[in-house]
Amino acid sequence: PGPSSLTWRYAGDWRGVFTSRSTLLLQVAHPVVGAGVADHSEFLTDRWGRLLRTLESTFDFLGYRGEDRGRTEAARLREIHKDIKGVDAEGRRYHALNPEAYLWVHATLYHGMVQTQRLFGRPLGPVKEAALFQEWRDLALALGVTERHLPDGPAAFRAYFDGMVEDRLERNETVDLLIRLDRTPLPPPPNWPLPRAAWTGLALPPTRLLRATGLAALPPVLRERFGLRWTASERRRFEVFARGLRLADAVTPPPLRYSPVAYRAMRSARKARTG
């Protein structure tokens, strides 16, 4: 993707943070991904570092820092997944480059972009959805996903996604761990200068908000499968919040609509075009 792509626009939309918890649960609910994270990830011992490295990798891969860095990051991601393998808690062998699991993680990126706009922005019409899908498909090929494994259009993607949710995703140890961690704020960032209680006081409201929006964005069948309570009053509060974000969108200036990295990349591209 590049400056004129829908991917830059929608992946850079800061409102994607409100569906990020749901995206992560979707990913680790795949048995291969859940096992790989449990056995090989540093997210428990270095939660801030893991979060920041994931963001940096995503910004590079999507090309916000140049096409060369995007291609380099795509190759690096495939390379580091070669050694992620083992046997899960159920005795099943797994490998991170399993085509189904490798595609699934990438599929949650497209779903997340579409879901964010549906819930908090303007739902994509057929033309934009098809264009965004083609960009996502091109990114999948850059990651090394084989073309025969890819859905051939948005409708096929929705059927594929629904089938994975219904028949393949599971409640596993990693899902349960993330749900438990989701109830409390991250620990203070490195070099936090104030008492821990000050951090907790600041971080608790956004933590609760992100948990609520993540629950709302999760497919209902998974909320039930994961034992997550979602009451009518919680749904009403979420709908009020989401409506407020949609109304605010019309008057939100670009610097506040996009993540800083995405906005800087788009602004630099505009300046280059206008000379």
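Annotations
- Hits in segment 11-38 (condition: in contact with a Lys or Arg (Cβ under 9 Å, 6 or more places away or on another chain) and in a helix (DSSP H, G or I)): Trp14, Arg15, Arg21, Pro31, Val32, Ala35, Gly36
- Helices (runs of 4 or more DSSP H) completely within segment 223-275 that count 2 or more residues being basic (Lys, Arg) and within 19 Å of Thr19 (Cα to Cα): 232-249
- Unique match (being touching an Asp or Glu at 6+ places or on another chain (Cβ under 7 Å), of a type in the set (Lys, Arg) and within 24 Å of Leu210 (Cα to Cα)) among Arg21, Arg47, Arg9: Arg21
- In the set (1) of a type in the set (A, V, I, L, M, F, W, C); (2) over 18 Å from His149 (Cα atoms); (3) touching a residue at least 40 places away in the same chain (Cβ under 8 Å); (4) in a helix (DSSP H, G or I), the condition left unmet by Ala101 is number (2).
- Matching option when the condition is charged (D, E, K, R), under 30 Å from Leu247 (Cβ atoms) and within 17 Å of the chain's Cα centre (by Cα), among Glu129, Glu135: Glu135
- Number of residues in segment 218-275 that are closer than 18 Å to Phe120 by Cα and polar (S, T, N, Q) equals 2.
- The selection criterion, being on the phi < 0 side of the Ramachandran plot and touching a Gly at 6+ places or on another chain (Cβ under 6 Å), holds for Ser259.
- From the list Arg122, Arg118, the lone residue that is closer than 30 Å to Thr252 by Cα, open to solvent by 30 Å² or more (accessible area, probe 1.4 Å) and modelled with pLDDT under 95 is Arg122.
- Residue within segment 156-171 that is touching a Gly at 6+ places or on another chain (Cβ under 8 Å), modelled with pLDDT of 95 or more, surrounded by 12 or more Cβ atoms within 10 Å (Cβ to Cβ) and of a type outside the set (Lys, Arg) present: yes
- Pairs linking a residue in segment 138-166 that is at positive phi to a residue that is outside any helix (DSSP H, G or I), with Cβ atoms under 9 Å and 6 or more positions apart or on different chains, are Gly144/Leu97.
- Extreme residue, nearest to Arg92 (Cα to Cα), among residues of segment 158-211 that are among the basic types (Lys, Arg) and assigned to a helix (DSSP H, G or I): Arg180
The values are calculated or read from the model by the stated rules, or taken from the named source; none is laboratory data. Keep in mind that what you see is a predicted model, and the values were worked out from it rather than measured. Here Cβ is always computed from backbone atoms with ideal geometry, including for glycine, and neighbour counts include all displayed protein chains. Just the protein is used for accessible areas: all its heavy atoms, side chains included, with ligands, DNA and RNA removed. Shrake-Rupley method; radii C 1.70, N 1.55, O 1.52, S 1.80 Å.
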